[in-house]
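A.B. asks: I'd like to ask some things about the structure below.
The values are calculated or read from the model by the stated rules, or taken from the named source; none is laboratory data. These numbers come from a predicted model, not from an experiment. Here Cβ is always computed from backbone atoms with ideal geometry, including for glycine, and neighbour counts include all displayed protein chains. All accessible areas refer to the heavy atoms of the entire protein, side chains included, with ligands and DNA or RNA removed. Shrake-Rupley method; radii C 1.70, N 1.55, O 1.52, S 1.80 Å.
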Amino acid sequence: EKGGYPHFMLKEIFGQPKSIADSMRGRIHAGNESIQLGGLTGYFDRLADASRIIFIGCGTSWHAGLVAEYLFEELARVNVEVEYASEFRYRNPVIHPGDVVIAISQSGETADTLAAIELAKENGATILGVCNAVGSSIARATHAGAYLHAGPEIGVASTKAFTSQVTVLALMAIALGRRKGTLPDHTFRELLNGLQSLPGQIEQVLRNSDRIKEIGYIFTYARNFIYLGRGVHFPVALEGALKLKEISYIHAEGYPAAEMKHGPIALIDEDMPVIFIATRDSSYEKIVSNIQEVKARKGRVIAIVTEGDQLIKTLVDFTIEIPWTHEMISPLLSVVPLQLLSYYIAVMRGRNVDQPRNLAKSVTVE
Ligand code: M6R
């Protein structure tokens, strides 16, 4: 059932070209003219009229919510908040009937997310779900939603569910931007073409797995890692660090790159590997100067860069190239090498990759 792969996690990482295509299947219509999310029919008006959208989730699903914050603000110009379900439910949050809460959950069984939904519902908000498990408790507790259709995810570390969550949330943000008139035609087309090219582009990243494995080998015995990114890549940095922590048991922190000089820069010396997501997008120049700051303190830098990048190669220890795509959907590509890097490091450390210690696939108790 692992389809020839040594672990479910690797199978799921390599399954992403297909799972992402499955998440989009039947949702982009006639010559890229429109997006249709069947499960949201009847609730799309509410979404378009929302005074605020609140994403809730835990772990990787919360990271998908953070990516969605950039997407929904940029493409649909709507007020967005992203909350850990566990904090939201105990905080006496201010919730209005005009709010739309979007709960993100792979399993659909996470206790804190479910409780947060009930609280928001009692306060009159509209609740939408972005779940993978069909008919799960969260899917049933929401008013409407869009399923991931990513297929079952067995590895405890979430990989293909994350990319499908971001894919579905991107479709929602694009559809909403279109509806609200905040998304110019050319950007709409660029994003839809970009989404459709993703499965092939992920194949391309996966073909590079040997290089990622070699880099993993070099850093197998590192004791700490820092992951840095800006904009949409800040949540990717958090996700990369979480992946490494949970399956290799190496301490790792994700930070927005600009926050580095507010503290974490003190950690940097020749023993500190720093992973930058440094693709060619609106924060490229800024991230280049962050890389220089780390190199000036002798940190060892691995950078995820856009293919063809020449500058960063001259500054860092290792680069991993990924194809170019529209910035708003680029987390779907930049996260893949980070998943692979964690996987290879964990395997080389002899960890139980699919079932790391102390963790459960779905956290049904708070
Ligand atoms: O099933 P859910 O998406 O609600 O699960 C949320 C988290 O428990 C989950 O993402 C967890 O952080 C993963 N182990 C991360 O890889």
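A.B. asks: With every protein chain left in place, what is the accessible area per residue of the chain in square angstrom, probe 1.4 Å? Each step should come with its number before you reach the end.
C.D. replies: Working: 14460 Å² over 366 residues.
Per residue, the chain has 39 Å² of solvent-accessible surface.
A.B. asks: Quick one: ranking His149, His186 by accessible area, 1.4 Å probe, largest first, what do you get?
C.D. replies: Working: His149 90, His186 125 Å².
So the residues, ranked largest to smallest area, are His186, His149.
A.B. asks: What's the Kirkwood radius of the chain in Å, using all Cα pairs? Present the calculation step by step, with values, prior to reporting the outcome.
C.D. replies: Numbers: mean 1/r = 0.0485 Å⁻¹.
Hydrodynamic radius (Kirkwood, Cα pairs) of the chain is 20.6 Å.
A.B. asks: At R0 = 51 Å, how high is the FRET efficiency between Ser289 and Arg140 if r is their beta carbon distance? Nearest 0.05 is fine. Write down the numbers at each step before the final one.
C.D. replies: Details: r = 49 Å, r/R0 = 0.96.
My answer for the efficiency is 0.55.
A.B. asks: For region 19-116, compute Rg over Rh where Rg is the Cα radius of gyration and Rh is the Kirkwood radius from the inverse mean 1/r over Cα pairs.
C.D. replies: Details: Rg = 14.5 Å, Rh = 14.7 Å.
Rg/Rh for region 19-116 comes to 0.98.
A.B. asks: Next question, about the same structure. Scale the Cα Rg of region 143-188 by the rule-of-thumb value 2.2 N^0.38 Å and send over the ratio, two decimals. Don't jump to the answer; show the numbers that get you there.
C.D. replies: Numbers: Rg = 13.7 Å, N = 46, 2.2 N^0.38 = 9.4 Å.
In units of the 2.2 N^0.38 Å rule of thumb, it is 1.46.
A.B. asks: Which shape class, rounded, prolate or oblate, goes with region 260-304 when its Cα gyration tensor gives a ≥ b ≥ c as root eigenvalues, a/c under 1.5 marks rounded, and past that a/b bigger than b/c marks prolate?
C.D. replies: Working: a/c = 2.31, a/b = 1.61, b/c = 1.43.
Prolate shape, in that a/c is at least 1.5 and a/b is the bigger ratio.
A.B. asks: Quick check on region 118-198: take the gyration tensor over C-alpha atoms, sort the square-rooted eigenvalues as a ≥ b ≥ c, and tell me if it's rounded (a/c under 1.5), prolate or oblate. Before the final figure, lay out the partial values.
C.D. replies: On the way: a/c = 3.15, a/b = 1.25, b/c = 2.52.
Cα axes put region 118-198 in the oblate bin.
A.B. asks: Same structure, new question: How much of the accessible area of the chain, in percent, comes from carbon and sulfur atoms when a 1.4 Å probe is used? Mind showing how you got there, number by number?
C.D. replies: On the way: 7020 of 14460 Å².
Taking all protein chains in place, the chain shows 49 percent carbon and sulfur surface.
A.B. asks: How do 221-228, 353-360, 279-286 rank on mean C-beta neighbours within 10 Å, highest first?
C.D. replies: Values: 221-228: 19.5, 353-360: 14.8, 279-286: 17.0.
Highest to lowest by the protection proxy: 221-228, 279-286, 353-360.
A.B. asks: Moving on to the next point. Report relative contact order for region 97-237 in percent, whole number only (criteria: Cα-Cα under 8 Å, sequence separation at least 6). List each step's numbers first, then the result.
C.D. replies: Numbers: 140 pairs, mean separation 20.4, N = 141.
With pairs under 8 Å counted, the relative contact order is 15 percent.
A.B. asks: Cα atoms only: what Rg and Dmax, in Å, come out for region 120-279?
C.D. replies: Values for region 120-279 (Cα only, Rg and Dmax): 19.0, 53 Å.
A.B. asks: Right, something else. Sorted by accessible area (1.4 Å probe), largest first, how do Cys58, Cys131 line up? Can you show the working numbers first?
C.D. replies: On the way: Cys58 40, Cys131 5 Å².
Ranked from most to least accessible, the order is Cys58, Cys131.
A.B. asks: Sort out for me the Cα centre separation of region 229-282 from region 1-75, rounded to whole Å.
C.D. replies: Region 229-282 and region 1-75 have Cα centres spaced 24 Å from each other.
A.B. asks: Packing-wise, with mean Cβ within 10 Å as the measure, how do 328-337, 246-255 rank, highest first?
C.D. replies: Numbers: 328-337: 26.0, 246-255: 21.1.
Result, highest mean first: 328-337, 246-255.
A.B. asks: Another question, if that's okay. Which value in deg cm²/dmol, rounded to the nearest 500, describes the helix-derived mean residue ellipticity at 222 nm for the chain, given -39,500 (n - 2.57) per DSSP H run of n ≥ 4 and division by the residue count?
C.D. replies: Numbers: 13 runs with 161 residues, N = 366.
Counting only the DSSP helices, I get -14000 deg cm²/dmol.
A.B. asks: Next question. Quick one: how many Å² of Glu87 are accessible to a 1.4 Å probe, rounded to 10?
C.D. replies: Probe radius 1.4 Å; accessible area of Glu87 about 110 Å².
A.B. asks: Longer than 30 Å from Cα to Cα, which of Lys2/Lys298; Lys121/Lys245; Lys121/Lys361; Lys11/Lys121 are they? Say none if no pair is.
C.D. replies: On the way: Lys2/Lys298 41 Å; Lys121/Lys245 34 Å; Lys121/Lys361 26 Å; Lys11/Lys121 37 Å.
Violating the 30 Å limit, Cα to Cα: Lys2/Lys298; Lys121/Lys245; Lys11/Lys121.
A.B. asks: Let me understand region 202-245 better: what is its radius of gyration from the alpha carbons, and its Dmax, in angstrom?
C.D. replies: Values for region 202-245 (Cα only, Rg and Dmax): 12.1, 31 Å.
A.B. asks: Something else: For the ranges 176-183, 6-13, what's the packing order if you count other beta-carbon atoms within 10 Å of each residue, average per peptide, and put the highest first?
C.D. replies: Those peptides, ordered most packed to least, come out 6-13, 176-183.
A.B. asks: A further question follows. For the chain, what relative contact order do you get, as a whole percent, if you take Cα pairs closer than 8 Å and at least 6 residues apart?
C.D. replies: Numbers: 728 pairs, mean separation 69.9, N = 366.
Worked out over the chain, it gives 19 percent.
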